[in-house]
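Notes follow once the structure below has been shown.
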Amino acid sequence: MILQHVMQLDLKKLATECIIPALQTRGYCYMDNFLGDLVGDCVLEQVQQMHITGRLNDGQLAGKRNGISKRHLRGDQIAWVQGTEKGCEAVGFLLSLIDRLIMLCEGKLGKHIIKERSKAMVACYPGNGTGYVRHVDNPNGDGRCITCIYYLNKNWDAKVNGGVLRIFPEEKSYVADIEPIFDRLLFFWSDRRNPHEVQPSYSLRYAVTVWYFDAEERAEAKKKFRILTATEQEENFSQ
């Protein structure tokens, strides 16, 4: 009974009739009631447990070598998980369904060839009015091409709780405000086509995010990183 809703999901239909056309035309799409209440509750309970047990750490801003935490720019707390860890089984199940959706989009997302993704970033905004300033997930060609976010917030009222994800689609005259409501799954392009921000949250706000990589761009980014690392090591050795 618990998996009845999930078993009835037509992933191919979601991919071909929702994700692909929406990404092609608007650059983003979302769907509600993805897992259903019972399975969604399992994911929420595991994420809450990570938070309660102190597994979440301050989100970092990119900096030289180590990330730099600046709470006025980014106020979330995060943990990176594979989904195979003990206590992450429901998260892993969620990731497997998202993986299948992306596979069903293969060959229909422009030039992108997707073969891998990141770990899942489990995130919580603590509800103290912090958010995440306007930014682009992949401004410098690191390989990320699709951002996917699953939201876990019950009885969410953006007028009271805030926490809206606002997307500023490139060359569009409008913005897209996505409320982080329970069991909502969001996809959008990770590059400069979609600057976005998380507006201040005034209640606990949970989400699980993964990034899917374009194979060619990812390989080039790794190559550049190896060259940069080797150059830095040579410079340090010569000093």
Checklist entry - Looking at segment 49-70, which of the residues that are open to solvent by 70 Å² or more (accessible area, probe 1.4 Å) and either within 18 Å of the chain's Cα centre (by Cα) or farther than 29 Å from Leu228 by Cα (or both) is modelled with the lowest pLDDT? => result Ala62
Next on the checklist: Restricting to segment 122-136, and then to whatever is of a type outside the set (Gly, Ala, Ser) and open to solvent by 20 Å² or more (accessible area, probe 1.4 Å), can you tell me which residue is nearest to Lys223 (Cα to Cα)?
Outcome noted: Val136
Item to check | Residue list for segment 137-166, filter: among the acidic types (Asp, Glu) and open to solvent by 30 Å² or more (accessible area, probe 1.4 Å) | outcome: Asp142, Asp157
Checklist entry - Can you list the strands (runs of 3 or more DSSP E) found entirely within segment 99-176 that contain at least 3 residues being more than 27 Å from Lys12 (Cβ to Cβ) and more than 13 Å from the chain's Cα centre (by Cα)? => result 132-135
Item to check | Top-ranked residue in segment 80-96 [being free of Cβ contacts under 8 Å to residues at least 24 places away in the same chain and assigned to a helix (DSSP H, G or I); ranked as most open to solvent (accessible area, probe 1.4 Å)] | outcome: Ser96
Checklist entry - Does at least one position in segment 171-189 carry a residue that is of a type in the set (Asp, Glu) and within 13 Å of His135 (Cβ to Cβ)? => result no
Checklist entry - Quick one: how many residues across segment 219-239 are open to solvent by 60 Å² or more (accessible area, probe 1.4 Å) and modelled with pLDDT of 90 or more? => result 3
Next on the checklist: Among the residues that make up segment 171-186, is at least one of them under 30 Å from Lys224 (Cβ atoms) and at pLDDT below 95?
Outcome noted: yes
Checklist entry - When you scan segment 167-178, how many residues do you find that are closer than 20 Å to Arg74 by Cα and open to solvent by 70 Å² or more (accessible area, probe 1.4 Å)? => result 1
Checklist outcome for this item: (1) in contact (Cβ under 8 Å) with a residue 12 or more places away in the chain; (2) over 24 Å from Tyr125 (Cα atoms) all hold for Glu106 apart from (1)
Item to check | Single residue of segment 1-32 satisfying the filter (hydrophobic (A, V, I, L, M, F, W, C) and open to solvent by 80 Å² or more (accessible area, probe 1.4 Å)) that is modelled with the highest pLDDT | outcome: Met7
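Does Arg184 count as within 23 Å of Gln77 (Cα to Cα) and open to solvent by 30 Å² or more (accessible area, probe 1.4 Å)?
Criteria not met by Arg184.
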Checklist outcome for this item: Subset of segment 96-126, residues within 21 Å of Asp214 (Cβ to Cβ) and touching a strand residue (DSSP E or B) at 6+ places or on another chain (Cβ under 6 Å), comes to Ile98, Ile102, His112, Ile114, Glu116, Arg117, Ser118, Lys119, Ala120, Met121
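The values are calculated or read from the model by the stated rules, or taken from the named source; none is laboratory data. Remember, predicted model here, so these are calculated numbers, not experimental data. Neighbour counts run over all protein chains shown; Cβ positions are idealised from the backbone, glycine included. Just so you know, the surface numbers come from the protein's heavy atoms only, side chains and all, with ligands and any DNA or RNA stripped out. Shrake-Rupley method; radii C 1.70, N 1.55, O 1.52, S 1.80 Å.
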